[in-house]
Amino acid sequence: MQIRLRSLSEPKLIFGGNYTHFDPKIALSKAGPVDRRASDLKRIPVALVGPESELEAALKWIEKLGAPLIDSANNALRFPNFPGTTKAFACHFDIDTRFVRALPEKEYLMAMAKSGTEQFEGLLDVYGSVIAGLFGDAGPAVVVVCFPEDLAELRVQNPRLSYSERRALQRRQDEADDFQLDLFESFSAKEKTAAAELFPQAEELLFRNFHRALKARCMVEKNAVPLQIIRRHTYISAEASQSDSARAWHLCTALYYKSSNIPWQPADLAPGTCFVGISFHHLKRRSGDILYASLAQAFSTDTEPFALKGETLPDRQVRDKQPYLMAAQAAGIVAKVVAQFRARTGTNPARVVVHKSSSFQPEEIDGFISGCGSSVPACDMVWMRPTGFRLIRRGTHEVERGMLACVEDEKTYLFTTGYVDWWKEYPGPHVPAPLEIAAANDTDIIERAREILALTKMNWNSADGMGRHPITLSFARQVGAIMTELDDDGEIQPLYRFYM
């Protein structure tokens, strides 16, 4: 067997003053965020909501973020000290007393005393009404919501499903589990969980999750702003598994983005390119049918990332055990993305790159090209999926992140996880698992791999600056799961920051 290896350099990111670096923590400490204005200190109004018993500890933690926090981890390259929000983000998170809201104790305790759906809906009403009361022209930029541990994993069976629908979904989930078992046979439990993020899960419709139900409820309110859910292990050090510094880096990055700011941008992606991730999730329509719903996630350096609903598919529209789009459906969803890109930037994209987690069917290829039309000069289509392929290298280090392996000039594998040279460490517990990547049309697969690697650095929910999947697909399941809580016929909130 012939294997050709090529090491792709770690993509760089742009920060304040056009400073470029591949590690957000190092770069933010030196140059601040990419949208930083010279010598200006942004004051970002933040609201805090939760049970009375949680607010004092959460408030103290947020107030600590303005000052440096020392990290006690052994690897200072991976876990540098947090320099405080003033230096790292050129901002200060202000919590005005007007924006600190305790849940009404009587109503909260009454809801907690119930069980099942009554408890779920009661708590949703209590939290939702308090949060909605903060939305307004002079309101906060983001709402931090405290979840006691009882709520963090709260879920109930979906009461809107009939018995036959529930049985059908359970069968579908069993089939999906069997399919994924075959696909991920050599994966660890953690790797299986991460890989499954790319595939639709019937479980998202079988159960309602309180976290996503609250986000869905609040994002459709007038003048809504994003929510940042925090659990006790975020703001109580004694219960945390990470250091104060590590938790501060991640929380502040998320808060900065959710308050309508941009921490960093990719340095090497061509302007005018619109990257589109196409994914599927389950949705129950009013007619009672269980259908697949398609979703498009778009990313470009020219505009903020956004998401759009696509068409719903009958459950029989499956090939190779995966749902797919008919030509008209594929054309329609890409045409929507192009129109939204034009509305946001004033011009059509110069190129569209479509990402999927399953191979492209002939109908999809025709549809995506048709949807781009004559207004978009080029359209590339790249699929990627988890694989059992592994490489073991000689020596003490695992395969580097960014390694590209071409096997017999037929299959290509990209290691988006692996040994991180600037950390001098591999951050995973097992042998790195690559993504298999391939294109549906004639294109430079090495350049497409470079783009995928760059897009794995665009998760603003973390300060690590890397992930397993590109942003075009990494939040697909998260967005799709929240969509199961929304009205089938209504327009969705397009901005990513509401779903993170």
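The values are calculated or read from the model by the stated rules, or taken from the named source; none is laboratory data. Because the structure is a prediction, the values reported are computed rather than measured. We place every Cβ from the backbone using ideal geometry, glycine too, and count neighbours over all the protein chains shown.
Pairs are defined by a Cβ separation below 9 Å, a sequence spacing of at least 6 or placement on different chains, a first member in region 312-324 that is at pLDDT 90 or above, and a second member that is β-branched (Val, Ile, Thr); the pairs so defined are 324/318. Can you tell me which residues in region 278-289 are among the aliphatic types (A, V, I, L, M) and either part of a loop (DSSP other than H, G, I, E, B) or closer than 18 Å to residue 355 by Cβ (or both)? Passing the criteria: only 278.
Considering region 238-257, the residues that are part of a helix (DSSP H, G or I) and without any contact (Cβ under 8 Å) to a residue 24 or more places away in the chain include one that is surrounded by the most Cβ atoms within 10 Å (Cβ to Cβ), namely 247. Within region 258-289, the set of residues being of a type in the set (Ser, Thr, Tyr) and surrounded by 24 or more Cβ atoms within 10 Å (Cβ to Cβ) comprises 279 only. Among the conditions (1) without any contact (Cβ under 8 Å) to a residue 12 or more places away in the chain; (2) over 30 Å from residue 106 (Cα atoms), the only one that residue 56 does not satisfy is (2). Scanning region 400-451 for residues being in a strand (DSSP E or B) and hydroxyl-bearing (Ser, Thr, Tyr) gives a total of 3.
State whether one or more residues within region 268-277 are in a strand (DSSP E or B) and under 30 Å from residue 167 (Cβ atoms). Looking for residues that are in a strand (DSSP E or B) and under 30 Å from residue 167 (Cβ atoms), one finds none in region 268-277, hence no. Selection of region 467-484 for residues being more than 12 Å from the chain's Cα centre (by Cα) and outside any helix (DSSP H, G or I) yields only 484. Filter region 121-157 for residues that are at pLDDT below 95 and assigned to a helix (DSSP H, G or I); which is surrounded by the most Cβ atoms within 10 Å (Cβ to Cβ)? Of everything passing the filter in region 121-157, 151 is surrounded by the most Cβ atoms within 10 Å (Cβ to Cβ). Considering the conditions (1) surrounded by 21 or more Cβ atoms within 10 Å (Cβ to Cβ); (2) among the aromatic types (Phe, Trp, Tyr); (3) touching a residue at least 24 places away in the same chain (Cβ under 8 Å), residue 419 is excluded by exactly one of them, (3). Checked against (1) out of contact with any Leu (no Cβ under 7 Å at 6 or more places or on another chain); (2) surrounded by 18 or more Cβ atoms within 10 Å (Cβ to Cβ), residue 58 meets all criteria but (1). Candidates are the residues of region 110-120 that are surrounded by 13 or more Cβ atoms within 10 Å (Cβ to Cβ) and not charged (D, E, K, R); the one that is farthest from residue 96 (Cα to Cα) is 117. The residues of region 122-167 that are within 21 Å of residue 204 (Cβ to Cβ), of a type in the set (Asp, Glu) and under 26 Å from the mean Cα position of the chain (by Cα) amount to a single one, 153. Here 330, 350 are screened, and the one residue that is over 24 Å from residue 454 (Cα atoms) and modelled with pLDDT of 95 or more is 330.
Considering region 203-218 alone, what residues qualify as being of a type outside the set (S, T, N, Q) and in contact with a strand residue (DSSP E or B) (Cβ under 8 Å, 6 or more places away or on another chain)? Listed by number, the residues that qualify are 204, 205, 206, 207, 208, 210, 211, 214, 215, 218. Is one or more of the residues making up region 423-430 among the basic types (Lys, Arg), in the same structural domain as residue 380 (by TED's automatic domain parsing), within 24 Å of residue 377 (Cβ to Cβ) and more than 20 Å from the chain's Cα centre (by Cα)? No, because not a single residue in region 423-430 is among the basic types (Lys, Arg), in the same structural domain as residue 380 (by TED's automatic domain parsing), within 24 Å of residue 377 (Cβ to Cβ) and more than 20 Å from the chain's Cα centre (by Cα). Every listed requirement among (1) within 14 Å of residue 468 (Cβ to Cβ); (2) in contact (Cβ under 8 Å) with a residue 60 or more places away in the chain; (3) touching a Lys or Arg at 6+ places or on another chain (Cβ under 7 Å) is met by residue 436 save one, (2).
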